[in-house]
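One structure is given below, encoded as structure tokens.
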Amino acid sequence: MGRNPRTRVRGPSFNRLIPNIMTMLGLCAGLSGMRFALEHQFEPAAVALLIAACIDGLDGRIARLLKGATRFGAEFDSLSDFVCFGVAPSFVLLMWSLEHAGRYSFVPCILFTVCMALRLARFNASLDDDDKPEYSYSFFTGVPAPAGAGLVLFPVFLGLEADRLHAEGLATFARLPLVSAVCLIFTGLLLVSTLPVWSFKNFKVPARYVLPLMLGTGLYAALLVADPWGALAGAGLLYIAILPFSRRSYHRLKLAAEEMSETVEEEPA
């Protein structure tokens, strides 16, 4: 008797599924953060959202490395970002300090989530724009979604750090509904703004700054392990501080590109 012919399996390879699996894990982490916030366990909630942000930073790069980037993966990643960085942070802040703050306490949460949806929609639409100048590829238009989620969680990071230090005054300040509302509204406006923000994807570091940058990154990693909430709160303040420099860098590149274009047009044929 002859051997039965082997059935050939049709479908994508496992390598092409790895990025989508990571996106699924990030989505589960964001939903877990909402569940922890519902139980007023804010440390695990913050950790879950940080895990979602880390996964979001890796899945796209892994997809390109494995040549597994697909239209489905891009759409799935965008929907996951909306849940993890648009819905979950506002829900965490709602449970953190806005739950019993009055009838209008939910309005900042809605505003932030709507701004995040608009920001992601604008980003997806800009992917098909081939008319953008070359220098603009190093910048985001508005604060990106993971950074926006990190900025809006500043009251949580500050409050957890105050609890660790037993600083009652600072902890009370971090739990004020007004502080959470201001963070939600301010970050939502940054998301939908036209502010050029460094993407750091094509960011070139001068040779003389490579060693200090590596040392600084190592020191921050050590600080993040020793005092995570203080390090995260400080990172949020530092990110806000570099936004004016990002805007100045963009306009400097834009002016240089315009001057070069005018020079080329003035040259005789």
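The values are calculated or read from the model by the stated rules, or taken from the named source; none is laboratory data. No experiment lies behind these values; they were computed from the predicted model shown. As a convention, Cβ positions derive from the backbone with ideal geometry for all residues, glycine included, and neighbour counts pool all protein chains shown. In case anyone asks, the SASA skips ligands and DNA or RNA and just uses the protein heavy atoms, side chains included. Shrake-Rupley method; radii C 1.70, N 1.55, O 1.52, S 1.80 Å.
Tell me, please, whether a residue that is in contact with an Asp or Glu (Cβ under 6 Å, 6 or more places away or on another chain) and either within 14 Å of Gly86 (Cα to Cα) or touching a residue at least 40 places away in the same chain (Cβ under 8 Å) (or both) can be found in region 129-136.
We begin by selecting, within region 129-136, every residue in contact with an Asp or Glu (Cβ under 6 Å, 6 or more places away or on another chain); these are none.
Scanning region 129-136 turns up no residue that is in contact with an Asp or Glu (Cβ under 6 Å, 6 or more places away or on another chain) and either within 14 Å of Gly86 (Cα to Cα) or touching a residue at least 40 places away in the same chain (Cβ under 8 Å) (or both).
In region 171-223, what residues are of a type in the set (Ser, Thr, Tyr) and open to solvent by less than 60 Å² (accessible area, probe 1.4 Å)? Reasoning before the result, please.
So the first thing to find is which residues in region 171-223 are of a type in the set (Ser, Thr, Tyr), and the list is 172, 180, 187, 193-194, 199, 209, 217, 220.
Passing the criteria: Ser180, Thr187, Ser193, Ser199.
Go through region 81-116 and give me each residue that's free of Cβ contacts under 8 Å to residues at least 40 places away in the same chain and acidic (Asp, Glu).
Scanning region 81-116 gives a single hit, Glu99.
Of the conditions (1) farther than 23 Å from Val192 by Cβ; (2) touching a Leu at 6+ places or on another chain (Cβ under 9 Å); (3) open to solvent by less than 30 Å² (accessible area, probe 1.4 Å); (4) not hydroxyl-bearing (Ser, Thr, Tyr), Ala63 clears all except one; give me its number.
Unmet condition: (2).
Of the conditions (1) open to solvent by 50 Å² or more (accessible area, probe 1.4 Å); (2) at pLDDT 90 or above, Gly236 fails just one. Which one is it?
(1)
So which residues in region 1-44 are at pLDDT 90 or above, open to solvent by 70 Å² or more (accessible area, probe 1.4 Å) and touching a Ser or Thr at 6+ places or on another chain (Cβ under 9 Å), if there are any at all?
Passing the criteria: only Met24.
For the list (1) under 30 Å from Gly188 (Cα atoms); (2) loosely packed, with under 11 Cβ neighbours inside 10 Å; (3) at pLDDT 90 or above, I need the number of the one condition that Leu243 fails.
Leu243 satisfies all of (1) under 30 Å from Gly188 (Cα atoms); (2) loosely packed, with under 11 Cβ neighbours inside 10 Å; (3) at pLDDT 90 or above except (2).
Return the residues of region 100-114 that are surrounded by fewer than 24 Cβ atoms within 10 Å (Cβ to Cβ) and either among the basic types (Lys, Arg) or within 15 Å of Val182 (Cα to Cα) (or both); say none if nothing qualifies.
Filtering region 100-114 for residues surrounded by fewer than 24 Cβ atoms within 10 Å (Cβ to Cβ) gives 100-107, 109-111, 113-114.
Residues satisfying the conditions are Ala101, Arg103, Tyr104, Ser105, Phe106, Val107, Cys109, Ile110, Leu111, Thr113.
When you scan region 121-138, do you find a residue that is open to solvent by 60 Å² or more (accessible area, probe 1.4 Å), more than 22 Å from Leu38 (Cβ to Cβ) and of a type in the set (A, V, I, L, M), even just one?
yes
Going by the structure shown, is Ser78 open to solvent by less than 30 Å² (accessible area, probe 1.4 Å), part of a helix (DSSP H, G or I), touching a Phe, Trp or Tyr at 6+ places or on another chain (Cβ under 9 Å) and closer than 26 Å to Arg248 by Cα? Before the answer, list the steps.
Working: open to solvent by less than 30 Å² (accessible area, probe 1.4 Å): yes; part of a helix (DSSP H, G or I): yes; touching a Phe, Trp or Tyr at 6+ places or on another chain (Cβ under 9 Å): yes; closer than 26 Å to Arg248 by Cα: no.
Judged against the criteria, Ser78 is not a match.
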